[in-house]
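The values are calculated or read from the model by the stated rules, or taken from the named source; none is laboratory data. The structure presented is a predicted model; accordingly, all values stated were derived computationally and were not measured. Cβ coordinates were reconstructed from backbone atoms using ideal geometry, including for glycine residues, and neighbour counts include every protein chain displayed. Note: areas computed on protein heavy atoms with side chains; ligands, DNA, RNA excluded. Shrake-Rupley method; radii C 1.70, N 1.55, O 1.52, S 1.80 Å.
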Amino acid sequence: GPVTFDGLSDEAAWSGATRFPFIQQGPQFGLPPSERTEAFAGYDDDYLYFAGRLYDREPDKIQAPTKKRDAMVANTEWFGILLDTFNDKEDGLIFFTAPSGLRLDMTVFNDAVSQSSDMNAMPVNMSWNTFWDNAVARTEEGWFVEVRIPLSSVRFQERDGRVVMGLTLMRWLTRKNETDVFPAIPPNWGEMSTWKPSQAQEVEFEGLRARKPIYVAPYVLTGF
């Protein structure tokens, strides 16, 4: 069914979408999230869709200080998606959004294991950008987000009409220093635990077809 891309995920189409249960990863692994958290996924011929309902009993304390693209800051709320599109347990695509509408995308490699003790040598590529959209709404119940990723923005392998990817969903509540996650990934690998493609949940898509993107880049030439 149709989806109005406004962040709220209140259309009938979402009622039949796959729902993913979250658990608390930290500070106390295995407990329910301290704030009600719901996430959904769906797809059609052109897009992968994700929705997060991030309820908060104290919505006035939700933090979101910046809208800057790719601003990786700790003092903001986050809803994140990791896709291991080839299901190789090594590499993944990461999409993050915040209550301000901020978009952050990057790739992770080597199963999020750094080859150096240098904190600046994290196993991620922050320079990677692709085409995708998000819509965010804030209400008295919390904040809500919809994410739409064109199939032309991701690469994957189809076998006999089936596509298997790894999926991790995460929520960060900064004022509580809390990470909530699907699936139940233990914090055994420190802050990179949720970024490990090897720990993602395998999900199967039927009838997914790759799309080849067409990019248009307008420009102006001047002379003297």
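What number, rounded to the nearest 500 deg cm²/dmol, is the helix-based mean residue ellipticity at 222 nm of the chain, given -39500 (n - 2.57) per DSSP H run of at least four residues and division by all its residues?
-500 deg cm²/dmol, from helical runs alone.
Just going by the charge dipole of segment 1-67, with Lys and Arg at +1 and Asp and Glu at -1 on Cβ, which of 34, 55, 4 is farthest out on the positive end?
Highest projection toward the positive end goes to 34.
How far apart, in nanometres, would the label points at residue 211 and residue 18 be if each is projected 7 angstrom from Cα along the Cα-to-Cβ direction?
1.9 nm
Can you pull out the GluC sites (Glu not before Pro) in segment 136-224 that DSSP calls coil and that have at most 15 other Cβ atoms within 10 Å?
Sparse-neighbourhood loop GluC sites (Glu not before Pro): 140, 141, 158.
Round to a whole angstrom and tell me the spacing of the C-alpha centers of segment 1-28 and segment 173-224.
Centre-to-centre (Cα) distance: 17 Å.
Using the Karplus curve 6.51 cos²θ - 1.76 cosθ + 1.60 with θ = phi - 60°, what ³J(HN,Hα) values do you get for each residue of segment 29-40, in whole Hz, with x for Gly and Pro?
My calculation for segment 29-40 gives 4, x, 7, x, x, 5, 10, 4, 9, 10, 9, 9 Hz in order.
Before anything else, pin down the relative contact order of segment 28-111: Cα pairs under 8 Å, at least 6 apart, normalised by residue count, whole percent.
21 percent
Relative contact order of the chain, please, whole-number percent, based on alpha carbon pairs below 8 angstrom and at least 6 residues apart.
25 percent
Return P(r) of the chain (all Cα-Cα pairs; 10 Å bins starting at 0; whole %; ordered from short to long distances).
Bin by bin from 0 Å, the calculated values are 8, 32, 38, 17, 4, 1, 0.
Dividing the Cα convex hull volume of segment 63-109 by residue count, how many Å³ per residue is that?
66 Å³
Whats the longest run of the chain with zero trypsin sites (Lys or Arg not before Pro) that are DSSP loop and have at most 16 other Cβ atoms within 10 Å?
After excluding every exposed loop site, the longest remaining stretch is 90-154.
Give me a comma-separated list of calculated 3J(HN,Hα) values for segment 104-115, in order, Karplus coefficients 6.51, -1.76, 1.60 applied at θ = phi - 60°, integers in Hz, x for any Gly or Pro.
Once rounded to whole Hz, the list reads 9, 9, 6, 10, 10, 9, 6, 6, 6, 9, 6, 8.
Rank these by accessible area, largest first, 1.4 Å probe: 172, 14.
Descending accessible area places them as 172, 14.
Tell me, what ³J(HN,Hα) does each residue in segment 11-19 have, in order and in whole Hz, if you take phi through Karplus 6.51 cos²θ - 1.76 cosθ + 1.60 with θ = phi - 60° and put x for Gly and Pro?
7, 4, 4, 6, 5, x, 6, 5, 10
Magnitude of the Cβ-charge dipole of segment 6-132, K/R +1 and D/E -1, about the Cα centre, nearest 20 debye?
Here segment 6-132 has a charge dipole of around 420 debye.
Considering the dipole of segment 97-205 built from charges on the beta carbon (Lys and Arg +1, Asp and Glu -1) around the Cα centre, which of 185, 151, 130 is farthest to its positive end?
Checking the options against the dipole of segment 97-205, the answer is 130.
Grab the chain and count how many Lys pairs have their alpha-carbon atoms under 27 Å apart, sequence gap of 8 or more, or different chains.
Lysine pairs meeting the criterion: 8.
Kindly provide the Kirkwood hydrodynamic radius of segment 1-87 in Å, to one decimal, from all pairs of distinct alpha carbon atoms.
15.3 Å
If you take every residue apart from residue 112 with its C-beta less than 14 Å away from the C-beta of residue 112, what net charge results, scoring Lys and Arg +1 and Asp and Glu -1?
-4
Between residue 162 and residue 220, what is 0.36 nm times their sequence separation minus the Cα-Cα distance? Round to one decimal in nm.
Fully extending the segment from residue 162 to residue 220 adds 16.5 nm.
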